[in-house]
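Student: Below is one structure. I have some questions about it.
Read-outs throughout are calculated quantities, based only on the coordinates presented, and are distinct from any laboratory measurement. A quick note: this is a predicted structure, and the numbers were derived from the prediction, not measured. Note: ideal-geometry Cβ built from the backbone for every residue, glycine included; neighbour counts use all protein chains shown.
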Ligand code: UDX
């Protein structure tokens, strides 16, 4: 089948490559020429494990092409809308401008047999509005077909999550709904035959599934971080607590990692946009708890600074602070709403001399957060430090030999903002080890 993918950001680039891998002919479109050129050369601007290899596999086959020319989508039968929906400046709501501009650009190329598939994360109600935009711009006599098919991919596992997702969600409406389901099954090679659940529903439910899932995940993280605050007050250990409650199947142990909280391009923005949309719908009360989820999350960042200040004799002014991590999570070079960089910025604002290290995100951070100071190696970051803050749990940091770092620092103090370093190992090497939600030994 020939398909088009509109928008080649994280979602679109991975989706396009995965669809070509499945054997489809894929035309990927974006208005950003630099991005298109880089992808066509097999050098995506993002770091995503396996993506370079996947592009190297599919580009030589000619099945995947990248273009800035919208007219080329005319060849495709199924069109995936994968554009971004960032948070509006100064507001909580999501900016859906790109979804509708993609719709207007695409509409003239639609015909009777074509299906538009929305994958972007959107405020509920966008699908119905997009269908009207598409219908307005479609050639006379063409009845527009639209399905809503949210994605749930995690950065760092984007390819795996696209090729073997936990479930497929199809939002379909209108007289062609059954045909739309059949066509999507064909695109995904009959998910049911592989045993992957496939759930068919209406547009609003499909749109809500995505934001509800992200709201739940954010709530789970903030729940354990709230327990972390209580543990700090009561002298308990949140890591042992999480382990113990996680054994209850109804709770489950995943996403109970207490620490400096969630960041990235999805969870923070999605819960805020969800609250804003619920407000517009008159259902704001239903989601006021998400305001707490957001606050708990942000409070953990401030707690890191409090601990650092405590370890530096009551002030960060003039103290050297090493920050391990810039990406919002490991195996990614994404620094959007990164708790690590936020904490680094807070330390700097408190007068500290901050040096940030990251195994992968330094080029991106240097480009977009030029206000901070970076170090190419861990050794360089920790040299002369009064305190080391561990903020992104890269395997490289877990593998560090603390004994080797001891002679480099001014004071061997590490604050583990992710609860992923081995306290015994660091303490044995002479370090003061502190962590969020754990007793100070
Ligand atoms: C998330 C959703 O998981 C995904 O399904 C959706 O499509 C997009 O948003 P992603 O942003 O890539 O994916 O990252 P994820 O792995 O979910 O982590 C989000 C944040 O939560 C990270 O900052 C991570 O460090 C933090 N986190 C995660 C915790 O603080 N504790 C945990 O236990 C798990």
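Student: If you average over every viewing direction, what projected area does the convex hull of the Cα atoms of the range 202-441 give, in nm²?
Tutor: That works out to 14.2 nm².
Student: Expressed as a whole number of Å, what is the distance separating the alpha-carbon centroids of the range 387-413 and the range 61-120?
Tutor: 45 Å
Student: Oh, and also: Using the basic label-point model (7 angstrom from Cα toward the beta carbon), what is the residue 254 to residue 199 distance in nanometres?
Tutor: 1.4 nm
Student: Treat the count of other C-beta atoms within 10 Å as a stand-in for reagent exposure and order 96, 377 from fewest to most.
Tutor: The most exposed by this proxy come first: 377, 96.
Student: Here is a follow-up. In nm, to one decimal, how far is the modelled label at residue 61 from the one at residue 395, with both set 7 Å along Cα→Cβ?
Tutor: 2.8 nm
Student: Something else about it: Could you calculate the FRET efficiency of residue 43 with residue 163 from 1/(1 + (r/R0)^6), where r is the beta carbon distance between them and R0 is 22 Å, rounded to 0.05?
Tutor: Computed FRET efficiency for residue 43 and residue 163: 0.55.
Student: In addition: Report, for the range 2-201, the % of DSSP beta bridges that are antiparallel, rounded to 5.
Tutor: Around 10 percent antiparallel, to the nearest 5.
Student: Quick one: in the chain, what % of C-alpha pairs are over 34 Å apart?
Tutor: Cα-Cα pairs of the chain separated by over 34 Å account for 38 percent.
Student: Using only Cα atoms, what Kirkwood radius does the range 84-234 have, in angstroms?
Tutor: Evaluated on the range 84-234, it is 17.2 Å.
Student: Relative to the longest principal Cα axis of the chain, at what angle does helix 10-21 sit, 0 to 90 degrees, rounded to 10?
Tutor: For 10-21 against the chain, the angle is about 60 degrees.
Student: Okay, moving on. In what order do 53, 353 fall by count of nearby beta-carbon atoms within 10 Å, going from fewest to most?
Tutor: Arranged by neighbour count, lowest to highest, 53, 353 become 53, 353.
Student: Using a Förster radius of 35 Å, what is the FRET efficiency between residue 368 and residue 289 based on their Cβ-Cβ separation? Nearest 0.05, please.
Tutor: After rounding, the FRET efficiency stands at 0.65.
Student: Given the DSSP H assignment, sum -39500 (n - 2.57) over each helix run of at least 4 residues in the chain and divide by its residue total; what's the result at 222 nm in deg cm²/dmol, nearest 500?
Tutor: -12500 deg cm²/dmol
Student: On to the next question. To check my understanding: the extent here is largest minus smallest coordinate of the Cα atoms along each principal axis. What are those three numbers for the range 325-385, in Å, largest first?
Tutor: Extents along the principal axes: 27, 23, 18 Å.
Student: I've got another one for you. Rounded to two decimal places and with Rh computed the Kirkwood way over Cα pairs, what is Rg over Rh for the range 222-317?
Tutor: Here Rg/Rh amounts to 1.05.
Student: A follow-up question, please. Hey, if you drop one equal point scatterer on each alpha-carbon of the range 23-76 and run the Debye formula without solvent, what base-10 log of I(q)/I(0) do you get at q = 0.14 Å⁻¹?
Tutor: The Cα Debye sum returns log10 ratios of -0.35.
Student: Moving on to the next point. For 133, 373, 164, which order do you get if you count the other beta carbons within 10 Å of each Cβ and list the fewest first?
Tutor: Fewest-to-most ranking of 133, 373, 164: 164, 373, 133.
Student: Let me ask something additional. What is the range 2-201 by shape, rounded, prolate or oblate, if you read a ≥ b ≥ c off the alpha carbon gyration tensor as root eigenvalues and call it rounded for a/c under 1.5, prolate for a/b larger than b/c, and oblate otherwise?
Tutor: Rounded.
Student: Could you grab the relative contact order for the chain? Cα pairs under 8 Å, six or more apart, rounded to a whole percent.
Tutor: Reported relative contact order: 11 percent.
Student: Using only Cα atoms, tell me the angle between helix 288-311 and the longest principal axis of the chain; keep it within 0 to 90° and round to the nearest 10.
Tutor: The two axes meet at around 30 degrees.
Student: Evaluate the relative contact order of the range 2-201 (contact order divided by residue number), counting alpha-carbon pairs under 8 angstrom at least 6 apart; express in whole percent.
Tutor: Here the relative contact order equals 18 percent.
Student: Between residue 135 and residue 244, take the C-beta separation as r, use R0 = 41 Å, and let me know the FRET efficiency to the nearest 0.05.
Tutor: Between residue 135 and residue 244 the formula returns 0.15.
Student: If you build a Gaussian network model of the chain, linking Cα atoms that sit under 10 Å apart, which residue out of 40, 370, 327 swings the most?
Tutor: Judging by the Gaussian network model, the answer is 370.
Student: Normalise the Cα radius of gyration of the range 395-436 by 2.2 N^0.38 Å (N = residues in it) and let me know the number.
Tutor: For the range 395-436, the normalised Cα radius of gyration comes out at 1.04.
Student: Angle between the Cα long axis of helix 203-234 and the longest principal axis of the chain, 0 to 90 degrees, nearest 10?
Tutor: The angle comes out at about 10 degrees.
Student: Could you grab the Rg to Rh ratio for the range 270-321? Cα atoms only, Kirkwood for Rh.
Tutor: Rounded to two decimals, Rg/Rh equals 1.31.
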